[in-house]
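Notes to accompany the following structure.
Read-outs: derived from the displayed coordinates by stated rules, not from any lab. No experiment lies behind these values; they were computed from the predicted model shown. All Cβ positions, glycine included, derive from the backbone under ideal geometry; neighbour counts span all protein chains shown.
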Amino acid sequence: MVSIHRSAGLVVFKGGKPRKYLVIRYGHGHWDLPKGHVEKGETLEETALRELKEETGLEAELLAGFKEGFDYWFMEKGEKAHKFVTFFAAKAKAGKVKLSFEHTDFKWLPLKGALEQLTYDNAKELVKSVDDFLKT
């Protein structure tokens, strides 16, 4: 039997020119975007905003019209699992980052820096998509 997991997250930015993107380092050492598991009764948007608040202490405003995702397979307790992750674009509201226990560092980086810092290609592609979306 395959277990199905659903997560939601945000590509968070601040500023205008240059625009900066939030990247966070997880305890295992990889750099990624804020995201987490959808809880019962939550919408994907609610999950993304809750996870941002829990992981960074920040609040953000979702931008209408951007929703992208990806999926991947992984092993969980010796069984195959399938994860679907949905991301939204969001502009950070004023405030300081206060990382949760799950994370060890964060950076606000311009596009080029964010793409260099992020560990996974799917996260890099999401940030590029948001940057393109913001230019239209």
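Within this structure, Glu61 passes the test of being without any contact (Cβ under 8 Å) to a residue 40 or more places away in the chain, among the acidic types (Asp, Glu) and out of contact with any helix residue (DSSP H, G or I) (no Cβ under 8 Å at 6 or more places or on another chain).
Each row is one residue, and each column tells you yes or no for (1) of a type in the set (Ser, Thr, Tyr); (2) closer than 21 Å to Ile4 by Cβ; (3) more than 12 Å from the chain's Cα centre (by Cα).
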residue	(1), (2), (3)
Gly36	no, yes, no
Glu51	no, yes, no
Gly57	no, no, yes
Phe74	no, yes, yes
Lys80	no, yes, yes
Phe84	no, yes, yes
Lys91	no, no, yes
Leu115	no, no, yes
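Look at the range 37-54: where a residue is in contact (Cβ under 8 Å) with a residue 12 or more places away in the chain and at negative phi and a partner is part of a helix (DSSP H, G or I) and surrounded by 15 or more Cβ atoms within 10 Å (Cβ to Cβ), sitting 6+ places away or on another chain with Cβ atoms under 6 Å, you get Val38/Thr47. When the range 59-72 is filtered for residues that are of a type outside the set (D, E, K, R) and within 15 Å of the chain's Cα centre (by Cα), the ones remaining, listed by number, are Ala60, Leu62, Leu63, Phe66, Gly69, Phe70. Hey, can you tell me all the residues within the range 77-116 that are touching a strand residue (DSSP E or B) at 6+ places or on another chain (Cβ under 6 Å) and among the acidic types (Asp, Glu)? Asp105 - this is the single residue of the range 77-116 that is touching a strand residue (DSSP E or B) at 6+ places or on another chain (Cβ under 6 Å) and among the acidic types (Asp, Glu).
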